[in-house]
1. Determine the share of segment 11-53's accessible area contributed by carbon and sulfur atoms, expressed in whole percent, with a 1.4 angstrom probe.
2. Would you mind checking which residues have amide H under 5 Å from residue 129's amide H? H placed 1.01 Å from N; only 5 or more apart, or other chain.
3. Can you tell me how much longer the chain between residue 93 and residue 16 gets when fully stretched, taken as 0.36 nm per residue apart minus their C-alpha distance, in nm with one decimal?
4. If R₀ is 35 angstrom, what is the calculated FRET efficiency for the pair residue 172 and residue 72, using the beta carbon separation as r and rounding to 0.05?
5. Taking a cut-off of 25 Å between Cα atoms, list the lysines near residue 18, but don't count ones fewer than 8 places away on the same chain.
6. Taking 0.36 nm per residue of sequence separation and subtracting the Cα-Cα distance, how much length would be gained by fully extending the chain between residue 24 and residue 161, in nm to one decimal?
7. For residue 146, enumerate residues with amide H under 5 Å from its amide H, sequence gap 5+ or separate chain, H modeled in the peptide plane.
8. What distance in nm separates the simple spin-label points at residue 144 and residue 32, each placed 7 Å from Cα in the Cβ direction?
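The values are calculated or read from the model by the stated rules, or taken from the named source; none is laboratory data. Everything numeric in this text was worked out from a predicted model, so none of it was measured. Methodologically, a virtual Cβ is constructed for each residue, glycine included, from the backbone with ideal geometry; neighbour enumeration extends over all protein chains shown. The area values use the complete protein model at the heavy-atom level, side chains included, leaving out ligands, DNA and RNA. Shrake-Rupley method; radii C 1.70, N 1.55, O 1.52, S 1.80 Å.
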Amino acid sequence: MEITEENVVEQLFKKNEKALFYVVDQYGGIIKAVMKKYLGNLEIIQDECFDDVLLLVWKNMSAYDPNKNSLKNWIATITKYKAIDYQRQYKRFLQQHELEDHMLIEHNSVEAHVVENMLSSETEQILSSLKKEDQVLFLQHYGEQKTVDELAEARGVNKSVIYNRLSRGRKKLRAAFRNRLHF
């Protein structure tokens, strides 16, 4: 069965996985935009938040009332509150580990804080789970805002190599972040 705007709600109620793929295709941009507003450029957390939003949509379709809101607005609201939850959780994590205030992510000044301020020893410790070469790559890409094209050209490698290293590094950092939250 083809999923359309007219039958997506019905198919989500029936737990049709294709309907969830449709939600990702149609509303993924909105989800990411709302997350970015509250989480800045914290891609590590955004990936996890995105997954949680989809899980909440999937599990809580019984709470959706089409007479009160459109599906798009309902998903955006779920995203907003889940992103706020992640923002609070991240700030608590930073406070527990006594990171400097300049590392707290404010949605409109992420780039300015990263470029203007030096990394704290705690941040360096978190990045220490990566190879030295990957630490430099992360600092250049996320701190100095160098593009993947620039990084690939400087290293004489294909862009896909840089994307893969960034992806693997985010996974390692995500695991390190989770481990620190549990301790």
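1. Details: 1200 of 2190 Å².
That fraction is 55 percent.
2. none
3. On the way: separation 77, 0.36 × 77 = 27.72 nm, distance 3.65 nm.
In short, 24.1 nm is gained.
4. Result of the calculation: an efficiency of 0.50.
5. 32, 59, 68, 72, 80, 82
6. Details: separation 137, 0.36 × 137 = 49.32 nm, distance 2.63 nm.
The span from residue 24 to residue 161 would gain 46.7 nm if fully extended.
7. 141
8. 2.6 nm
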